[in-house]
Amino acid sequence: MKARATYFEIHEADDAEWVRLQLTGELDLGSTPVLKRRLAELQAENRSVRLDLSRLGFMDSSGVHLLVSALNDAYDDGWRLEVDPHRSAQVERLFRLSGVEGVFAGHAMNGA
């Protein structure tokens with residue numbers, strides 16, 4: 001049986017204040033390293049990031065773990081990271097089932 005490749009894309013839009021990352025497809029064990037690497041690059045550049053999860057069709061626990069870790073890093077390091085409150089129904093359901101919906105409710109982290 002052949003493993004199916006995960007479809008995942010990060011679309012970036014830049015303005016003077018934020019880098020907006022719109023995530024499309026599936027954020028799972030196969031694709032989280034891609035997002036983790038990009039977030040680390042932007043954090044190292046001290047760029048403010050806004051994550052748009054409205055076009056994610058699927059997310060698993062590895063995606064939730066990555067987002068929680070990124071928010072913790074933002075808090076610890078004074079890095080500005082925001083999760084847009086408009087999310088796909090699948091992501092909202094996963095947050096609710098995981099018990100982390102409050103963590104991401106209109107959440108912006110700014111440790112400064």
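Just so it is clear, none of the values below were taken in a lab; they were calculated from the coordinates. All values reported here derive from a predicted model rather than from experimental measurement. With ideal geometry, Cβ positions are generated from the backbone for all residues, glycine too; neighbour counts draw on all protein chains shown.
Taking DSSP loops as anything outside H, G, I, E and B, show the longest stretch in the chain free of trypsin sites (Lys or Arg not before Pro) there with at most 13 other beta carbons within 10 Å. Value returned for the longest uninterrupted segment is 5-112. Compared with the dominant principal axis of the Cα atoms in the chain, helix 61-77 is inclined by about 10°. Here segment 8-107 is treated with +1 on each Lys and Arg Cβ and -1 on each Asp and Glu Cβ, and its dipole about the Cα centre works out to around 220 debye. Out of [x] 6.0; [y] 7.0; [z] 11.7, which label holds the value of mean projected area of the Cα convex hull in nm² that was computed here? Matching the structure shown: [y].
The order of SER31, SER61, SER88, going from fewest to most other C-beta atoms within 10 Å of their C-beta, is SER61, SER88, SER31. Across the chain, the relative contact order, built from alpha-carbon pairs under 8 Å that are at least six residues apart, equals 24 percent.
Karplus-derived 3J(HN,Hα) values for segment 15-22, using 6.51 cos²θ - 1.76 cosθ + 1.60 with θ = phi - 60°, are 10, 4, 9, 10, 9, 9, 10, 9 Hz; glycine and proline are entered as x.
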